[in-house]
Amino acid sequence: LPQRVVLIGGGYIAVEFAGVLNALGAETTLLYRGPLFLRHFDHDLRAVLAEEMRLQGVRLEFDTDVTRVERHGDGGLCVVSRDGRRFEGDVVLSATGRRPLTQDLGLEECGVRLHADGAIAVDSHYCS
């Protein structure tokens, strides 16, 4: 278990990992580019969760745009924000989302409907 972890992202994966790593004893910092994480969730839930995570010891840094990650000679890492702030860690975890990699799989030829971004279209029951 690393002593210091810096997570980049504000979705449920980043938030969950921040909570778990903090509970295991790592000094945990979560950086998110927006004003409050979990943007597709209920605002009140997000605000209360942020408050509770801070009370548990997670350092939350909102409105933080990451520009680069630097490696120190001792193996440590430093995440640098657009405004010049530096966040030190032994490990950096980037949980900033993903794009569907469905191109050239032949899904459309099999009758699978895709959205313009390549995501598989599903109905209200998550069936394709």
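The values are calculated or read from the model by the stated rules, or taken from the named source; none is laboratory data. The structure presented is a predicted model; accordingly, all values stated were derived computationally and were not measured. A quick note on method: Cβ atoms are made from the backbone with ideal geometry, for glycine too, and the neighbour counts reach across all protein chains shown. Heads up: the accessible areas ignore ligands, DNA and RNA and are worked out on the full protein's heavy atoms, side chains in. Shrake-Rupley method; radii C 1.70, N 1.55, O 1.52, S 1.80 Å.
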Go through (1) open to solvent by 80 Å² or more (accessible area, probe 1.4 Å); (2) of a type in the set (S, T, N, Q); (3) closer than 17 Å to GLY10 by Cβ and name the single condition SER128 misses. (3)
Just for the stretch 79-108: of the residues that are over 15 Å from ARG59 (Cβ atoms) and not in a loop (DSSP other than H, G, I, E, B), which one is modelled with the lowest pLDDT? GLU108
Answer with yes or no whether ARG54 is outside any helix (DSSP H, G or I) and charged (D, E, K, R). no
Applying the selection to the stretch 7-33, what residues are in a strand (DSSP E or B), over 12 Å from PHE62 (Cβ atoms) and either touching a Pro at 6+ places or on another chain (Cβ under 6 Å) or not β-branched (Val, Ile, Thr) (or both)? LEU7, GLU27
Looking at the stretch 83-96, can you tell me whether even one residue there is open to solvent by less than 60 Å² (accessible area, probe 1.4 Å), in contact (Cβ under 8 Å) with a residue 40 or more places away in the chain and under 30 Å from SER128 (Cβ atoms)? yes
Of all residues in the stretch 11-41, how many are without any contact (Cβ under 8 Å) to a residue 40 or more places away in the chain, open to solvent by less than 10 Å² (accessible area, probe 1.4 Å) and within 14 Å of SER94 (Cα to Cα)? 2
Index of the failed condition, ASP74 passing every other in (1) under 18 Å from the mean Cα position of the chain (by Cα); (2) open to solvent by 100 Å² or more (accessible area, probe 1.4 Å): (1)
